[in-house]
Amino acid sequence: MNASNEITLVNLAKEGLWIENPGLVKLLGLCPLLAVSNTLINGLSLGLATLATLLVSNTLVSGLRSSIPPAVRIPLYVLIIATTVTIIELLMQAWLPGLFVTLGIFLPLIVTNCLILGRAEAFAVRHSIRLSIIDALFMGLGFLLVLSLLGTAREFIGQGSILSDSHHLFGETARDWTMQIFDKQHGMLLALLPPGAFIGLGLLLAMKNGIDAALSQRENNNH
Amino acid sequence: MNSVDIKTGLLLGASTSIAIAVIVVAFLLTREPIRQTEQQNLQRDLLQLLEPASFNNEPALDTVYLSDPALGSQQPTVIYRARNNGQPTGAVVAANAPDGYNGDIELLVGLSYQGDIIGVRVTRHNETPGLGDDIETRKSDWIYSFNNLMVADMQPAEWKVKKEGGRFDQFTGATITPRAIVSSVHQVALWYQQNREEVFEHLAADKPAGSSSNQSTGIIK
């Protein structure tokens, strides 16, 4: 985090969504990001689960920060995060079983997502609950957006659809939300496989860097 | 940096206890819904894999656990038995195709008492998305090609994918997955024909002999 920046809602939003985006700049939590982003719904679901975990963990870490001894802070963070994830996992198994099966191992693996531990250590432990919640919200949203964007691109290129299996997340009414743009047979399989995830993320990174470069050039020209 | 003293240790222990307590509460609150969901899924699968109106018992509760190499697993696998007024009318056998492209593919094979196949469902697999996962009902109709197969009328050579001269479609770019399932279903059908009496003789047991699990549905996920 840039020390000269004042911590305001707008700045936190900019940091989370763009400047320090966990998926595109910090490159945190790459394992779930690459593995689960094969459809929009999968990406969105894992993004939401991560966002929820981040909100709870940032709130608890910030609220307890005066009583967390520095020597054991990391074990305590891990305890808080693991408890949160376990509860989210149980709730999802009970009420969103389809999604629970789809996300599989990546749901419990949220515990190991460096993004969450990173925000606890870098932000929540030294800021107020209010700021920590805002930080969690925008960092989580930043991660969720990258997951959804990559998920949409891979699903469209790989199997020609958007929003397939939406009933896993939104219930039976959403079953016909799926848009099949072109026949599944003509999809480019590579996009669904792990190499497609790396290539897709690489292109997103390039795009972000390209936009940043264009912006800074325009700024220079104005001076 | 502070050294870790007794107080810190106690704090860590107390926090862990609180965390455990919270998880226990969440577990107790979600246990019943989770069990119901699993039970519903099982009921739905069993209804599709048994001849309709051929039984009046509760196959989900009339289970037996048997172990045989033909069922593809070292562990005893569960068999749900359908009876009409006590007379055996069919069974759903949980089997495992160990030679999928990414390892185990868990199956439910529904059979009539005579040994014809009513249907097959995949309950768990790790096949490649977009390539091997057409074995799921929500991805393609392939698994329905096992519906109502008259096993007695079939030659052994028919139990292969079309590419190898059999009667089952392979997928574009994925032969291993369908081949594993075809071969596993074939083995289950043969095993069932030879062991049918034994399957229905056993008293109902809700767990494998020697296991401490008391969840009759726990073996299928």
Note to self: Given an 8 Å cut-off on Cα distances and at least 6 residues of separation, report the relative contact order of the range B:1-91 as a percent.
What the structure shows: 20
Check: In percent, what relative contact order does chain B have, based on Cα pairs under 8 Å that are 6 or more apart in sequence?
Finding: 18
Checklist line | Residues A:Ile116, A:Ile105, A:Ile162, sorted so that the one with the fewest Cβ neighbours within 10 Å comes first | finding: A:Ile105, A:Ile162, A:Ile116
Notebook entry, point to check: Between B:Glu158 and A:Met188, what is the label-to-label distance in nm when each label sits 7 Å out along the Cα-to-Cβ direction?
Noted result: 4.3
Note to self: For the protein assembly as shown, what does the helix formula give at 222 nm: sum of -39500 (n - 2.57) over DSSP H segments with n ≥ 4, over the residue count, nearest 500 deg cm²/dmol?
What the structure shows: -16000 deg cm²/dmol
Next item on the list: Check each of the trypsin sites (Lys or Arg not before Pro) in the range B:25-59 and keep only those in coil by DSSP with at most 14 other C-beta atoms within 10 angstrom; list them in order.
Entry: none
Margin query: So the label point goes 7 Å from the Cα of B:Leu11 along Cα→C-beta, right? Which residues of the range A:53-80 then have their backbone N under 16 Å from it?
Written below: A:60-80
Next item on the list: Return the sequence-ordered ³J(HN,Hα) values of the range A:148-162 in whole Hz as given by the Karplus equation 6.51 cos²θ - 1.76 cosθ + 1.60 applied to θ = phi - 60°, using x for Gly and Pro.
Entry: 5, 4, 5, x, 4, 4, 5, 5, 5, 5, x, 9, x, 10, 9
Next item on the list: Mind sorting A:Cys114, A:Cys31 by how few other Cβ atoms lie within 10 Å of their own Cβ, fewest first?
Entry: A:Cys31, A:Cys114
Notebook entry, point to check: Going by the alpha-carbon gyration tensor, a ≥ b ≥ c the square roots of its eigenvalues, is the protein assembly as shown rounded (a/c under 1.5) or, if a/c is not under 1.5, prolate (a/b greater than b/c) versus oblate?
Noted result: oblate
Check: Can you give the mean number of other chain Cβ atoms that lie within 10 Å of the Cβ atoms in peptide A:87-98?
Finding: 5
Check: With springs only between Cα atoms under 10 Å, which of B:Leu29, B:Leu47, B:Leu203 fluctuates most in a Gaussian network model of chain B?
Finding: B:Leu29
Notebook entry, point to check: Just counting partner chain Cβ atoms within 10 Å, what average do the residues of peptide A:71-78 show around their Cβ?
Noted result: 3
Notebook entry, point to check: Which loop-located GluC sites (Glu not before Pro) does the range A:1-71 contain, where loop means any DSSP state but H, G, I, E or B and the Cβ has at most 11 other Cβ atoms within 10 Å?
Noted result: A:Glu6
Check: What are the chymotrypsin sites (Phe, Trp or Tyr not before Pro) within the range A:170-223 that DSSP puts in a loop, where the Cβ has at most 16 other Cβ atoms within 10 Å?
Finding: A:Phe182
Note to self: Given a 10 angstrom Cα cut-off, can you work out which residue in B:Glu58, B:Glu127, B:Glu32 is the most mobile in a GNM of chain B?
What the structure shows: B:Glu32
Next item on the list: List the residues whose amide H sits under 5 Å from the amide H of B:Trp159, counting only those 5 or more places along or on another chain, with H placed 1.01 Å from N in the peptide plane.
Entry: none
Next item on the list: Answer rounded, prolate or oblate for the range B:135-176, using the Cα gyration tensor with square roots of eigenvalues a ≥ b ≥ c: rounded when a/c is under 1.5, else prolate when a/b is larger than b/c, else oblate.
Entry: oblate
Note to self: Of the candidates B:Asp62, B:Asp104, B:Asp153, which one comes out as most mobile in a Gaussian network treatment of chain B with C-alpha springs shorter than 10 Å?
What the structure shows: B:Asp153
Notebook entry, point to check: About its Cα centre, what dipole magnitude does chain B give when the only charges are +1 on Lys and Arg Cβ and -1 on Asp and Glu Cβ, stated in debye to the nearest 20?
Noted result: 400
Note to self: Can you work out the Karplus-derived ³J(HN,Hα) for every residue in the range B:77-86? Use 6.51 cos²θ - 1.76 cosθ + 1.60 with θ = phi - 60°, whole Hz, and x for glycine or proline.
What the structure shows: 10, 8, 10, 9, 10, 9, 9, 10, 6, x
Notebook entry, point to check: Near the amide H of B:Arg83, under 5 Å away, which other amide H atoms are found, from residues 5 or more places off or on another chain, if H is placed in the peptide plane?
Noted result: B:Asn56, B:Asn57, B:Thr89
Next item on the list: Before anything else, pin down the relative contact order of chain A: Cα pairs under 8 Å, at least 6 apart, normalised by residue count, whole percent.
Entry: 31
Item checked: Charge sum, other residues only, whose C-beta stays under 12 Å from B:Gly110's C-beta, Lys/Arg counted +1 and Asp/Glu -1 -> -1
Margin query: I'd like the Karplus ³J(HN,Hα) series for the range B:54-64: coefficients 6.51, -1.76, 1.60, θ = phi - 60°, whole numbers in Hz, and an x wherever there's a Gly or Pro.
Written below: 9, 9, 10, 9, 10, x, 4, 9, 8, 10, 9
Check: Where Lys and Arg each count +1 and Asp and Glu each count -1, what net charge lies around A:Glu20 among other residues with Cβ under 11 Å from its Cβ?
Finding: +1
Next item on the list: Under 26 Å between C-alpha atoms is the cut-off here; go through the protein assembly as shown and count lysine pairs that meet it, provided they're at least eight residues apart or on different chains.
Entry: 12
Notebook entry, point to check: Can you sort A:Thr86, A:Thr8, B:Thr77 by how many other beta carbons sit within 10 Å, fewest first?
Noted result: A:Thr8, A:Thr86, B:Thr77
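Here, each number is a calculation from the coordinates, and none is a lab measurement. Because the structure is a prediction, the values reported are computed rather than measured. Positions of Cβ are backbone-derived with ideal geometry, glycine not excepted, and every protein chain shown enters the neighbour counts.
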